[in-house]
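Heads up: the structure comes next, in structure tokens.
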């Protein structure tokens with residue numbers, strides 16, 4: 001496994017929240033964090049059919065364009081009773097002309113479960129794939145998952161995306177009812193980041 005030995009890491013995202021999350025992790029290690037947005041990079045079209053394909057696409061595009069090691073993630077929700085949907089299309093389910101609307105996406109998911117006659121509990125899992133790519137084309141892949149069930153009606157106001165609908169196994173609260181540090185200790189992204197840090201930065 002290749003170790004990261006640079007001084008600057010490009011996070012291939014235009015999402016300020018994701019950028020801040022990685023800044024908090026990398027800054028204490030003496031690693032400067034920059035973003036795709038700071039380099040005026042376009043967001044590549046996510047044409048992959050899996051989380052790893054989309055994460056690789058984003059990471060390699062950013063590394064090639066800037067000459068910096070680049071980290072990208074792709075994540076989503078897989079619902080067992082819907083055949084694993086929305087999966088890699090999780091963000092697409094929330095797309096509107098005005099931007100992403102995850103309240104609408106959660107309502108759509110609930111409606112589909114009811115129409116399908118799916119019996120509760122509605123098993124689901126969050127998935128996150130991180131790809132760290134170097135300008136020479138090498139990459140390392142790390143994955144994280146968290147199993148749980150979907151609840152209705154939604155509960156909680158914190159978090160983002162499907163968090164108000166997702167209750168991790170062993171919990172009575174949804175991700176949206178937890179403090180950020182509690183969620184991060186359980187989350188799919190937290191697990192993937194832990195694997196990344198152990199693999200390339202420890």
| task | Please find, among 146, 151, the residue that is under 18 Å from residue 74 (Cβ atoms) and either touching a strand residue (DSSP E or B) at 6+ places or on another chain (Cβ under 7 Å) or buried (at least 22 other Cβ atoms within 10 Å of the Cβ) (or both). | result | 146
| message | For the range 22-41, give me the residue count where each residue is in contact with a helix residue (DSSP H, G or I) (Cβ under 9 Å, 6 or more places away or on another chain) and in a helix (DSSP H, G or I). | response | 4
| Tally time: how many residues in the range 148-181 are free of Cβ contacts under 8 Å to residues at least 24 places away in the same chain and out of contact with any helix residue (DSSP H, G or I) (no Cβ under 9 Å at 6 or more places or on another chain)? | 5
| request: Hey, could you check the range 34-53 for residues that are within 21 Å of residue 136 (Cβ to Cβ) and in contact with a strand residue (DSSP E or B) (Cβ under 9 Å, 6 or more places away or on another chain) and say which is surrounded by the fewest Cβ atoms within 10 Å (Cβ to Cβ)? | output: 39
| query | How many residues does the range 1-21 contain that are assigned to a helix (DSSP H, G or I) and either at pLDDT 90 or above or out of contact with any strand residue (DSSP E or B) (no Cβ under 8 Å at 6 or more places or on another chain) (or both)? | reply | 4
| Criterion (part of a loop (DSSP other than H, G, I, E, B) and in contact with a helix residue (DSSP H, G or I) (Cβ under 6 Å, 6 or more places away or on another chain)) met by exactly one of 84, 48 | 48
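The values are calculated or read from the model by the stated rules, or taken from the named source; none is laboratory data. Quick caveat, the model's predicted, so the values are computed rather than measured. A quick note on method: Cβ atoms are made from the backbone with ideal geometry, for glycine too, and the neighbour counts reach across all protein chains shown.
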